[in-house]
Ligand SMILES: Cc1cc2nc3c(=O)[nH]c(=O)nc-3n(C[C@H](O)[C@H](O)[C@H](O)COP(=O)(O)OP(=O)(O)OC[C@H]3O[C@@H](n4cnc5c(N)ncnc54)[C@H](O)[C@@H]3O)c2cc1C
């Protein structure tokens, strides 16, 4: 079968790879000169099933309100801007801020994340793909007793759903991550270790996986901008681009935050809104001062991942439309916190700041699977966990296109839930 994958981020590339393993004739379209150059480029690098707790939670509306007027807040949201897509997304988000919805959404996200982590591990074993991966787990650190208690409560919910975590004292945190020794006594109350989670460079992974896919015959058409998707009689017939039309038997929409624009042409409403996040990448000048375990600072909503001789620090979210300009005010908290947690790792003089648009759904669950168009499949809306969920999501779409039943229950993961 000829399959056209729209988008060569980590999600589209993983989909193309698994379709190629099934023997399909696959073409991937992307406007960038190579795969993985938009949101998949410099993210937090965590394979973090442990972060399956959705953003929408009972306390979040109040907290977001308090942050509205703080330009360096971890979550910045300005509802007074003229932005109908944000208002529509925000109303759906509010409807998900109940304890029941929280539990349901956490289970759905974790279902995909755990499956995806297993698919990634199996893929690594099969192909020996290398992407600066570290497999020592993710350490969550807490600075206050209240946050630690809340973290343990979430940990208990995750454990009941299949993701166990170890509860650690500050000293045990230092045994796991010696570079935290200087903060352990004064500034840590404890930690949680998700030992099966991992980290690795999503862009490197995407590049390497694209090579493996190309070796199986996948054609990557880079520098091609998609203009519109054309339907006829309940099927998609072709995709119009700035360099010719592409026809196929099946189509996969994996355009990240830009997916809703193209779904709209087909009369489909995809509640995906960009949640802009930032990262910095610095050279590690003193390896003993830099982490070797991926760390999540639960107080400041930031993640730290060691990628070879580099340290990646990522965080913050801003709901401000499809705007990719880099605001130094949002970078500064990342630098400040990195210097405070890992002062000896680097002089932090040569920073590589970056921002990207997470394709966020109001319930934090991705949108996977079939559409009202018989030959159009959706693989988007992975929000904060697109790297974590890319391999599993790609495998699921390949299964659906092959007519196989996916290996996990698809209940609650599709577009029909909205
Ligand atoms: C600061 C930050 C930290 C993050 N940390 C983590 C983390 O630690 N772990 C994790 O799991 N996830 C993390 N994420 C989320 C993760 O990066 C995303 O969910 C993931 O990259 C989304 O992948 P994607 O393939 O759907 O989108 P993208 O990577 O954006 O791919 C979409 C592709 O579509 C192409 N495209 C768009 N429009 C067109 C068009 N008209 N024509 C042609 N091509 C087009 C783009 O060029 C792009 O290559 C983070 C995100 C950010 C911003």
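The values are calculated or read from the model by the stated rules, or taken from the named source; none is laboratory data. As the structure is a prediction and not an experimental result, all values here were calculated from the model. Every residue, glycine as well, gets a Cβ built from its backbone with ideal geometry; the counts of neighbours run over all protein chains shown.
Residue 192 fulfils the conditions (1) in contact with a strand residue (DSSP E or B) (Cβ under 9 Å, 6 or more places away or on another chain); (2) within 16 Å of the ligand (Cβ to nearest atom) except for a single criterion, (2). A Cβ distance below 7 Å, combined with a sequence gap of six or more or placement on separate chains, defines the contacts here; from the stretch 353-368, residues that are more than 9 Å from the ligand (Cβ to nearest atom) reach residues that are part of a strand (DSSP E or B) and at pLDDT 95 or above in the pairs 353/278; 353/280; 361/367; 367/378; 367/380; 368/378; 368/379. Residues in the stretch 144-154 that are touching a residue at least 40 places away in the same chain (Cβ under 8 Å) and either more than 17 Å from residue 303 (Cβ to Cβ) or in contact with a helix residue (DSSP H, G or I) (Cβ under 6 Å, 6 or more places away or on another chain) (or both): 144, 145, 148, 152.
Yes or no: residue 172 in contact (Cβ under 8 Å) with a residue 12 or more places away in the chain and over 23 Å from residue 343 (Cβ atoms)? When the stated conditions are applied, residue 172 does not pass them.
What do you reckon, is residue 11 at negative phi, within 11 Å of the ligand (Cβ to nearest atom), assigned to a helix (DSSP H, G or I) and touching a strand residue (DSSP E or B) at 6+ places or on another chain (Cβ under 6 Å)? In short, yes.
In the stretch 195-248, counting only strands (runs of 3 or more DSSP E) that sit wholly within it, the ones holding 2 or more residues that are closer than 23 Å to residue 18 by Cα and away from the ligand (no atom under 15 Å from the Cβ) span 235-241.
Selection of the stretch 329-352 for residues being surrounded by fewer than 16 Cβ atoms within 10 Å (Cβ to Cβ) and touching a residue at least 12 places away in the same chain (Cβ under 8 Å) yields 329, 332, 340, 343, 344, 347, 350, 352. Taking into account only those residues within the stretch 122-135 that are out of contact with any helix residue (DSSP H, G or I) (no Cβ under 8 Å at 6 or more places or on another chain) and touching a residue at least 60 places away in the same chain (Cβ under 8 Å), which is nearest to residue 208 (Cα to Cα)? Applying the filter and picking the extreme gives 134. If you go through the stretch 46-87 and pick out every residue that is under 28 Å from residue 225 (Cβ atoms) and within 13 Å of the ligand (Cβ to nearest atom), you end up with 0. Quick check, is residue 215 loosely packed, with under 13 Cβ neighbours inside 10 Å and within 21 Å of residue 125 (Cα to Cα)? When the stated conditions are applied, residue 215 passes them. If you go through the stretch 161-178 one residue at a time, do you hit one that is at pLDDT 95 or above, assigned to a helix (DSSP H, G or I), more than 23 Å from the chain's Cα centre (by Cα) and within 18 Å of residue 63 (Cβ to Cβ)? No: the stretch 161-178 contains no residue that is at pLDDT 95 or above, assigned to a helix (DSSP H, G or I), more than 23 Å from the chain's Cα centre (by Cα) and within 18 Å of residue 63 (Cβ to Cβ). Is there a residue in the stretch 98-115 that is within 26 Å of residue 294 (Cβ to Cβ) and in contact with a strand residue (DSSP E or B) (Cβ under 9 Å, 6 or more places away or on another chain)? Yes, because at least one residue in the stretch 98-115 is within 26 Å of residue 294 (Cβ to Cβ) and in contact with a strand residue (DSSP E or B) (Cβ under 9 Å, 6 or more places away or on another chain). Restricting the first member to the stretch 369-397 and to residues that are more than 22 Å from residue 274 (Cα to Cα), and the second to residues that are within 8 Å of the ligand (Cβ to nearest atom), the beta-carbon pairs closer than 6 Å and six or more apart or on different chains are 397/379. Which pairs do you get when a residue that is at positive phi, found in the stretch 399-418, comes within reach of a residue that is assigned to a loop (DSSP other than H, G, I, E, B), reach meaning Cβ atoms under 7 angstrom, with the pair 6+ apart or on two chains? Close Cβ pairs (under 7 Å, with a partner that is assigned to a loop (DSSP other than H, G, I, E, B)) amount to 412/365. Summed over the stretch 16-42, residues that are under 17 Å from residue 258 (Cβ atoms) and within 9 Å of the ligand (Cβ to nearest atom) total 11.
Within the stretch 359-404, the set of residues being within 24 Å of residue 101 (Cα to Cα) and part of a loop (DSSP other than H, G, I, E, B) comprises 361, 362, 363, 364, 365, 366, 371, 381, 382. Taking the criterion of being assigned to a loop (DSSP other than H, G, I, E, B) and surrounded by fewer than 21 Cβ atoms within 10 Å (Cβ to Cβ), the residues of the stretch 87-132 that qualify are 97, 98, 128, 129, 130, 131, 132. A residue that is closer than 30 Å to residue 178 by Cβ and more than 19 Å from the chain's Cα centre (by Cα) cannot be found anywhere in the stretch 400-416. If the condition is being part of a loop (DSSP other than H, G, I, E, B) and within 11 Å of the ligand (Cβ to nearest atom), then the stretch 249-270 contributes 254, 255.
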